[in-house]
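The values are calculated or read from the model by the stated rules, or taken from the named source; none is laboratory data. Note that the structure is a prediction, hence the values are computed from the model and not measured. Backbone-built Cβ (ideal geometry, glycine too); neighbour counts: all protein chains shown. Each accessible area value is taken on the protein alone, full model and side chains, heavy atoms only, with ligands, DNA and RNA left out. Shrake-Rupley method; radii C 1.70, N 1.55, O 1.52, S 1.80 Å.
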Amino acid sequence: MAMLLLLFFMLPLSISASGSGDAFIGVNVGLDITDVPGPTEIVALLKAQGIQHVRLYDADRDLLRALAKTGIRVTVSVPNDQLLGIGQSNATAANWVNRNVIAHIPATNITAICVGSEVLTTLPNAAPILVSAINFIHSALVAANLDQQIKVSSPHSSSIILDSFPPSQAFFNRTWNSVMVPMLKFLQSTGSYLMLNVYPYYDYQQANDAIPLDYALFRPLPPNKEAVDSNTLLHYTNVFDAVVDAAYFAMSDLNFTDIPIVVTESGWPSKGDSSEPDATVDNANTYNSNLIRHVLNNTGTPKHPGIAVSTYIYELYNEDLRSGPFSEKNWGLFYANGEPVYTLHLTGAGTIFANDTTNQTFCVAKSNADPKMLQAALDWACGPGKVDCSPLLQGQTCYQPDNVVSHSTYAFNAYYQKMDKSPGSCDFKGVASITTTDPSHGSCIFPGSHGRKGTRTNGTSLAPSNSTSSGYLLQCYSNGGFFTSSLGLVVLLLCAVM
């Protein structure tokens with residue numbers, strides 16, 4: 001996948017960087033989005049979904065700050081367009097580490113650095129300096145005494161592996177031996193891991209029906225349908241394991257047998273154009289749900305059973321500004337407003353992506369929205385939207401904090417719940433977004449919290465995107481707060497009747 005901007009046999013026991021302990025599931029966070037969520041919204045979604053590992057495509061300062069003190073383990077990246085400068089100058093690499101890593105730790109838990117992405121296949125002219133860039137970044141970490149805490153590697157496309165089935169005969173494209181050999185030596189000596197992007201969707205799409213869809217999606221296969229490596233007699237029930245084992249065998253071909261693998265990207269698109277009929281919500285849900293279970297069960301692979309293969313899902317959000325086929329815009333688990341593209345089927349998969357999001361979602365005001373637009377939307381919700389805004393009166397349970405963001409959040413959510421969370425009911429001209437974090441606080445219990453749901457009423461079904469302030473409500477609401485006297489309460493009630 002192109003650069004854009006969120007784990008863990010019979011192998012020797014020295015496989016330790018990711019291979020020992022339990023596997024984890026993380027997510028890639030790309031922000032090539034028209035209506036980009038703010039850093040606080042992104043982090044709130046990550047926390048609500050129990051996501052503890054993220055990979056960024058750069059080292060965005062604001063997002064790294066928002067991730068501070070969350071405990072979330074963060075992988076930052078050197079973008080491909082900065083690779084040449086870093087690979088040619090130790091000082092440039094040290095400056096990058098100072099600015100993008102040291103400035104944020106220990107508050108932000110940075111645990112790995114990706115140096116470039118799929119460089120050999122997408123930016124081959126930078127291949128000669130890739131290992132130098134990796135070494136320079138690592139040297140800067142050593143100087144800061146961070147080399148044990150933060151691992152350095154570079155994600156590769158699985159297409160650099162040739163003759164990948166049967167896995168036992170796989171090898172890396174010999175063209176890149178001058179890069180792969182010193183890189184693998186570096187990974188081995190520093191206790192790091194091979195980063196690999198694995199996309200069974202593309203393998204299936206390019207196989208011209210040679211690969212069954214069920215085999216790509218982790219669906220159960222009868223024994224006579226499993227793929228068998230004729231050299232090892234190992235049985236493969238899915239493409240993912242076959243590709244990972246092909247990478248293990250390719251490293252063995254170069255005499256490296258003790259380097260673990262972390263899959264830095266894997267996923268399935270939920271929508272495509274007419275030439276991509278298998279990019280569907282059902283297939284995306286099936287693949288990602290099965291992948292998450294497979295990884296978290298510490299199944300390992302046929303070559304190395306029980307050896308964890310930690311994996312980052314591609315990706316958190318749909319990115320509508322991505323170029324290429326229509327499917328490129330539709331790999332996300334969530335829309336930009338925080339609404340799930342689909343609800344993963346994860347029974348027995350622990351707390352990761354614990355998103356019963358069709359039932360436990362809330363509508364909140366965006367913290368960075370224009371206050372005037374929030375005020376107008378609040379007026380609409382408490383007026384034509386027919387929301388019961390009486391809990392926002394002074395002295396009532398949801399009056400505090402007394403500001404337009406807090407009051408708008410209550411009103412927006414009340415409308416969203418009243419409309420049974422119907423599509424478009426959390427928009428309010430772009431100043432609202434969906435979250436899985438319950439915004440209730442203290443004695444202020446929001447509609448929809450703990451199973452409390454609003455009741456659908458007759459009237460407008462969706463909040464209009466160009467909603468304007470209600471004349472009645474403007475008479476009942478002033479400067480972001482309801483009139484506080486008893487007379488104000490009477491006026492409010494009269495307004496409701498009118």
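The combined condition, being farther than 24 Å from TRP268 by Cβ and open to solvent by 50 Å² or more (accessible area, probe 1.4 Å), is not fulfilled by ASN177.
In the set SER189, SER178, only one residue is assigned by the TED database to the domain that holds VAL76, touching a Pro at 6+ places or on another chain (Cβ under 9 Å) and assigned to a helix (DSSP H, G or I); that residue is SER178. One residue stands out among those in segment 238-290 that are open to solvent by 30 Å² or more (accessible area, probe 1.4 Å) and acidic (Asp, Glu): the one that is nearest to the chain's Cα centre (by Cα), which is ASP282.
Scanning segment 384-443 for residues being buried (at least 16 other Cβ atoms within 10 Å of the Cβ) and part of a helix (DSSP H, G or I) gives a total of 17. Taking the criterion of being touching a Ser or Thr at 6+ places or on another chain (Cβ under 8 Å) and open to solvent by less than 10 Å² (accessible area, probe 1.4 Å), the residues of segment 44-64 that qualify are LEU45, LEU46, GLN49, VAL54, ARG55, LEU56, TYR57, LEU64. Flag: VAL142 does not match the condition of being in the same structural domain as HIS104 (by the TED database) and either within 30 Å of ASP278 (Cα to Cα) or open to solvent by less than 50 Å² (accessible area, probe 1.4 Å) (or both).
Among the conditions (1) open to solvent by less than 50 Å² (accessible area, probe 1.4 Å); (2) in contact with a His (Cβ under 9 Å, 6 or more places away or on another chain); (3) part of a helix (DSSP H, G or I), VAL76 misses just one, which is (3).
Looking at segment 219-229, can you tell me whether even one residue there is at pLDDT 95 or above, in a loop (DSSP other than H, G, I, E, B) and under 22 Å from TYR342 (Cβ atoms)? Scanning segment 219-229 turns up no residue that is at pLDDT 95 or above, in a loop (DSSP other than H, G, I, E, B) and under 22 Å from TYR342 (Cβ atoms). When we screen ALA103, ALA68 for residues that are open to solvent by less than 60 Å² (accessible area, probe 1.4 Å), closer than 24 Å to ALA44 by Cα, aliphatic (A, V, I, L, M) and at pLDDT 95 or above, the only hit is ALA68.
Determine which member of the set THR75, THR92 is polar (S, T, N, Q) and within 19 Å of the chain's Cα centre (by Cα). Every option except THR75 fails the conditions.
Every listed requirement among (1) at pLDDT 50 or above; (2) closer than 25 Å to THR40 by Cα; (3) not hydroxyl-bearing (Ser, Thr, Tyr) is met by ASP420 save one, (2). Kindly indicate whether ARG322 is open to solvent by 10 Å² or more (accessible area, probe 1.4 Å), modelled with pLDDT under 90 and under 19 Å from the mean Cα position of the chain (by Cα). When the stated conditions are applied, ARG322 does not pass them. Inside segment 291-318, can you point out the residues that are crowded, with 22+ Cβ neighbours inside 10 Å and charged (D, E, K, R)? Result: LYS303, GLU315.
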